[in-house]
Every structure is written in C-alpha cells, then in structure tokens.
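Here's the structure, in structure tokens; my notes come after.
Each reported figure results from applying straightforward, stated rules to the coordinates on display, with no laboratory input. Owing to the predicted nature of the structure, the values given are computational and were not obtained by experimental measurement. Here the Cβ positions follow ideal geometry from the backbone for every residue, glycine too, while neighbour counts run over all protein chains shown.
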Amino acid sequence: MKLLKVLVVLIFLLLAPCKTAARICLKKKLRVQNLLKCLDKPPHKSIKSPDGDIIDCIPISCQPAFDHPLLQNHKIQLVPSYHPDGPFDEQRGNSLKSSEGLKPITQLWRLNGNCDEGTIPVRRTKREDVLRHGSTKIFGKKKKKINVLRSNSTEDQHDLDTQYEHQHATAFVNEDNYFGTQANINVWKPKVQQPNEFSVSQIWIAAGSIGAGDLNTIEAGWMVSQELFGDNNTRLFTFWTRDAYKSTGCYNLRCSAFIHISKYVALGATLIPVSSYNGAQYDIVILIWKDPNDGNWWMRYNNENIGYWPASLFTNLDDGATYIVWGGEVVNVASGGQHTTTQMGSGNFPGEEYKKASYFRNIQVVDGSNQLRDAKDVKTLTEQSSCYDIQTGKNGQWGTYFYYGGPGRNPKCP
C-alpha cells in the first residue's frame, strides 16, 4: 500500500510540470489569437503578394486605429488643411528623376491587384509574426532603452542600448523649432547578418528626451528586418512613441494609432525595385509635417498622402519638434565577440559616392510659416566611422545632401 502511494505521488510530480507547461502554452496561444483578432480586421477583399504577404483591403472606418480609446469618436480627416510649400519642392525634387529617367518605386503586392475606393491596404499579421517576438507584449514595439539622439545633450551623443548596440550614421538639426521635414531617400537592400538585427534608413522627428522618459518621436523610412517581417526584403515602415519607447508606440499599424487613408500604399509592404551597385538608382520621397489647424502629423510618400498621427497621441510634439534626424541605423549583436557584418545603406562607405554609396538628398525642414526650406546648420554623428560613416554636401541640384553607410565588420572594424 505504501509503495502504491509513493508511485501515485511520483506520477503526480512528473505530470505536474507538463500540466503547468500546457496551461502556459494554452494561455500564450489565446493571447496570440486575441491579438490577431484585434489587428486583422474582416477584409473587403484580400490580395496575395508575390513575396507571400497577404494584403487585406479593409473599410477605412474599421482600421486598427479606432480601437484606441482616444480615437473611438475621431472623425477621419481625408485631406490635410495645409500642405507645406517651398520653391524647390517640385522643380528640384524631380530634377534627377527627369534627367536620368528613373522609374518610380512601387510596392510588390500591387502587381497582383489594388484595393477599392473606401478601403485601405493592411498587411495581414500572421501567427508566426507574433511568435518571432516571443511575447505579445513586445510585438511590434522597439526594444526598451533603444538609443536615439538626446535632445538635451550638449555633446549630441547617442545612448547605448543595454542589450544590443545600436549604431548610426546620421545628420541632424537641433537649433530651431521644426514642423516637419522632407527628403529623397535612396533605396537599397542591405545584408543583415542576424535575425534579431536590422538595418534602417529613416527620418526621426522628435521632442523631449530619452533620459527624462518623455521622448516623442515620429519615424519613417525603409528597413530590412527578419524579426519584424520574416524575410530580408526592403520594406516601407513607420514608428511612433510618446514615452521614450517604454510602453507606447509601434511599427506601422501594429497598435491603435496611425490613421491610414491611402488605398495605394501599405505600411510594411515590400518596395520594388531597389538600387544596384553602379546601376540604376531609386529614391522614395517622404514628407512629414504638422497640420497647423488641428495639429495632426501627416505623412506623404512620393505623391500620395498616406495618413496621419492624431495630435492627441503626443505631448512634447504638440509645439513642434526640437530636433530632426536623417540617416541610417543598425543593430549590432556582436555575435562571437565580433562586430556585425550587417550593412547600412548600400553597404558601401560614403566616399564611393553616387551609384555606390547610399544617400539622402534635398533635405528640407518645415518652418513655422508652413514653408519648406533647406536644412541649415546640419551636424553629423557616427559612433564608429570605421564601420559606418557619413559625409555631407550641398549643390544646386541635390540641395543639402549626404552619403552614408558602410559594411560593418571589415579590417578596420573588427
């Protein structure tokens, strides 16, 4: 009898961890399912992209933004009340395109269809997208304590992430109050070494500081991130936060915030074509500005108004941005104690220049009178110029510009 009791106890102890693991697994599965229900709204129709993405065309009034408590009674603004204007907006912005016959960049999914009027394209979130992040709580967010330029630093230095090192080659301005920016961004497909690393080329519009925990940012550009998207394609992205990446903010439409109005452009979708070494070069034009009437922050991609971040999302950006940053960023995991080989931009140093190095050109800011003007007093920053570097310049055709990037690990960057 005693032996039987002992066996029962042993069996219970052996099975208990399995039952606990099963309960944890079930809870995680339910959390993933609930998240997908929130993000993936019932579509009007769906389009299968050649890269495997599913683009759902959902009614504009049913998008994820309106799950946000502050936006449930929000009236959609279909057009901005003001558009920044400037003497070089059209004529200089298109000069390279017209002289070299560059074809516009499109999105891969549009080869197989388009969304109808009154709907917007939303990249469907799949179960594996969530599982790659390991947790529903951090899905679609940046890692905490990510480093960005400190607005309150006299040295204009970057903070270093406590887990991974984020490295940059950026240009920035911080001598005024800014209400937006526009730039032509050269598009490439850099190689990324590790699944948990990324390479981005983007614009940051910011106010507040990461040290005080009140940093507000609006970010947009292109990126390569296997962790976010499951492949190494070059994709259009946006991001925002109002508390220094602590709990608010997300990429694209992965939380309730950005109000999407365009039926032509999907956030997170693959961009085609991309530039090639000594070959054809391709740009995207991104304009982000603050509507002076209602305070919403609008984004324009090429010639299309994509949508806006409602003014109610932000605190410090209410009065405009205190600094703007343009350029590249990579995550360096330093696997095996060596610097990553993840490329920034084209993967070539700025000294190689056009058709070889990646660039930003026609860099402008929006001033207090809602006018676009050339960015002045532009400073630069890079933590390790032997790994990634930047060189600025100015001429009549490209306005204020810079070449940037690099290969990462090389004989001078071990």
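Tabulated data for the structure shown
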read-out: Tail beyond 31 Å, pair distance distribution of the range 42-405 (Cα, percent); value: 29 percent
read-out: Check: the range 42-405 dipole with +1 on Lys, Arg Cβ and -1 on Asp, Glu Cβ, in debye; value: 980 debye
read-out: Cα-based shape type of the range 178-250, given that a ≥ b ≥ c are square roots of the gyration tensor eigenvalues and the cut on a/c is 1.5; value: oblate
